[in-house]
1. Amide H to amide H, which residues 5 or more places from VAL38 or on other chains are under 5 Å from it, using H placed in the peptide plane?
2. Using the Kirkwood radius built from alpha carbon pairs, what does the Stokes-Einstein equation give as D for region 105-250 at 20 °C and 1.002 mPa s, in µm² per second?
3. Throw me the Rg/Rh for the chain, computed over C-alpha atoms with Kirkwood Rh, two decimals.
4. What residues have an amide H closer than 5 Å to that of VAL205, excluding those fewer than 5 places away on the same chain, when H is modeled at 1.01 Å from N in the peptide plane?
5. Accessible area per residue, 1.4 Å probe, Å², for region 104-231: what's the number?
6. Quick one: Cα centre-to-centre distance for region 20-81 and region 188-250, in angstrom?
7. Could you work out the local net charge near THR57, counting Lys and Arg as +1, Asp and Glu as -1, over the other residues with Cβ closer than 14 Å to its Cβ?
8. Could you order peptides 163-173, 236-246, 106-116 by the average number of other Cβ atoms within 10 Å of their residues, highest first?
Amino acid sequence: MAARIYAFANQKGGVGKTTTAVNLAACLAEAGERVLLVDLDPQANATSGLGMRAGETSSYDLLDGAPLHELAQPTPFPNLSLVPSKPELAGAAVELSRRADGERFLAESLKNVEGYDFILLDCPPSLGPLTVNALGAADRVIVPVQAEYYALEGLSQLMGSINLIKSRLNPALAIAGVLITMSDTRTRLAAEVEEEVRKHFGTLVFDTVVPRSVRVAEAPSHGLPVTHYDRHSRGAEAYWKVAMELVERS
Ligand SMILES: Nc1ncnc2c1ncn2[C@@H]1O[C@H](COP(=O)(O)OP(=O)(O)OP(=O)(O)O)[C@@H](O)[C@H]1O
Ligand SMILES: [Mg+2]
């Protein structure tokens, strides 16, 4: 069976895309799914978050048609492979905008890939060519939103882009869910933001809300998903629940 491909996208920076991609990848892998995480952000946070770094090759090489299986590296975590990123990927935006296949290179690279149950694509904070490619290649998109006063800002633009890509590039694309992250639970603001997001997106919103947690923030500096760094923390428990919801929804 072909892998299910999920993109983690929101053009807003720092909303929890990478944290969610890394931790869901870890949960799914620990549950026995074969997972490939593709780091599509020149910041390479997903790469360093797993304690990895790009060597000779990186996701940049996908642009030149290097086969995915040559770029995927094993990680210290069983069942979890990574196509790392490096800062040079920043040059991809310009290169892609000049190419005829500039919106489809990733969909081509991921076509007929075997050996994975899930492929997760961590996008940069923009609606530029790398995100467009990810949305063009994905079956589903997960939209993390930070539980703050401006949570909904920019989401209509994102939904517009998703619909455009659906009609022009990838008719099968669907939204897997909107995930509320970094919630200061028990505050009134958090409750208000959650209510507003749920009013707007209804059943698209994951039941689970990821709390703001120091353990989640610390884990990447140890090169670990929070589920490995502190498996009994509230953050780890939340990401386990999100992973279960994801599997139920898929
Ligand atoms: N639940 C959480 N609790 C505490 N800190 C968190 C949580 N989720 C994410 N963070 C921290 O918030 C910051 C932003 O998160 P993250 O890097 O996942 O966002 P992003 O959307 O991928 O950012 P970018 O747009 O720059 O790629 C990071 O420092 C991360 O460690
Ligand atoms: Mg990120």
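The values are calculated or read from the model by the stated rules, or taken from the named source; none is laboratory data. What you are looking at is a predicted structure, and each value in this text was computed from that prediction instead of being measured. FYI the Cβ positions are ideal-geometry reconstructions off the backbone, even for glycines, and counts take in every protein chain you see. Keep in mind that these areas ignore ligands, DNA and RNA; they rest on the heavy atoms of the full protein, side chains included. Shrake-Rupley method; radii C 1.70, N 1.55, O 1.52, S 1.80 Å.
1. For VAL38, the qualifying residues are VAL83, LEU120, LEU121, ASP122.
2. Values: Rh = 16.6 Å.
Reported coefficient: 129 µm²/s.
3. Numbers: Rg = 16.8 Å, Rh = 17.9 Å.
So for the chain, dividing Rg by the Kirkwood Rh gives 0.94.
4. The answer is VAL178.
5. On the way: 6050 Å² over 128 residues.
For region 104-231, the per-residue accessible area is 47 Å².
6. Taking the Cα centre of each part, region 20-81 and region 188-250 sit 21 Å apart.
7. Working: positive: ARG53, LYS86; negative: ASP39, GLU56, ASP61, ASP64, GLU70, GLU88.
Net local charge, THR57 excluded: -4.
8. On the way: 163-173: 14.4, 236-246: 20.2, 106-116: 16.5.
Packing proxy ranking, top to bottom: 236-246, 106-116, 163-173.
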